[in-house]
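Right, one structure below, let's go through it.
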Ligand SMILES: Nc1ncnc2c1ncn2[C@@H]1O[C@H](COP(=O)(O)OP(=O)(O)O)[C@@H](O)[C@H]1O
Ligand SMILES: [Mg+2]
C-alpha cells in the first residue's frame with residue numbers, strides 16, 4: 001500500500017501524466033471514491049499521459065467509452081448502474097482482458113467481472129483541492145512500474 005497527498009488539481013495532473021506515460025497496456029486501474037473525488041479528472045490526465053488526443057469526459061450514458069491511441073484506453077464508469085446487472089451479457093471481456101488499459105470508476109459495482117490483478121486507487125477529498133490517494137494491489141510485481149514512480 002502506498003499513500004500520496006495531492007494539494008491541487010495541477011498536482012493531480014502531474015501525477016496523471018506520469019502514470020499515463022508509464023502504462024504498457026494490459027493494466028486495470030480501479031478508481032474508487034465519492035462523487036467529486038476526482039476519478040474522471042484523474043482518468044483524463046492519465047489518458048493525456050498515454051498520448052490520447054480525444055477529450056476524455058464522464059461517459060454520460062455509456063458504461064464504457066473507448067479511446068483509441070497507441071495503446072487504447074477503455075474507460076468504464078458504472079455509476080449509473082442499479083441493481084443486479086448480468087454483465088456476462090454485455091461482452092466486456094473482450095475489452096477487460098486485452099492489451100488495452102482499463103480505467104474503472106465505481107469498480108465496486110462490477111467487481112465480479114474485473115481482472116483479478118489490478119491496481120486500486122482510492123481518492124479521498126481532504127479539502128477543496130486536497131486529495132489523499134491510496135494505492136493498493138494484489139500484484140505488486142505487475143504494477144511495479146507504476147508504484148515505483150509514486
Ligand atoms: N486535486 C484535485 N484532483 C481532482 N479534482 C479536483 C482537485 N481539486 C479540485 N478538483 C475538482 O473536483 C472535481 C472532481 O470531479 P470529477 O473528476 O468529475 O470527480 P468524480 O469522477 O470522482 O465524480 C472537479 O470539479 C475538479 O475540478
Ligand atoms: Mg466520474
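Throughout, read-outs are computed from the coordinates displayed, never taken from laboratory work. Everything quoted here is computed from the prediction, not taken from an experiment. As a convention, Cβ positions derive from the backbone with ideal geometry for all residues, glycine included, and neighbour counts pool all protein chains shown.
For 18, 39, the sequence from fewest to most other C-beta atoms within 10 Å is 18, 39. This ranking places 127, 58 by how few other beta-carbon atoms lie within 10 Å of each, fewest first, which gives 127, 58.
The Cα atoms of the chain define a convex hull whose projected area, averaged across directions, is 8.3 nm².
In the elastic network of the chain, a GNM with C-alpha springs shorter than 10 Å, the most mobile of 29, 17, 90 is 90. Using the Stokes-Einstein relation with a Kirkwood hydrodynamic radius computed over Cα pairs, the translational diffusion coefficient of the stretch 81-150 at 25 °C and a viscosity of 0.890 mPa s comes to 173 µm²/s. DSSP beta bridges confined to the stretch 76-139 are antiparallel in about 80 percent of cases.
Taking the DSSP beta bridges with both ends in the chain, the antiparallel portion is around 55 percent.
Over the chain, DSSP H runs of length four or greater, each weighted -39,500 (n - 2.57), average out per residue to a 222 nm ellipticity of -6000 deg cm²/dmol. Mean-square fluctuations from a GNM of the chain, with a 10 angstrom spring cutoff on Cα atoms, peak among 139, 74, 102 at 139.
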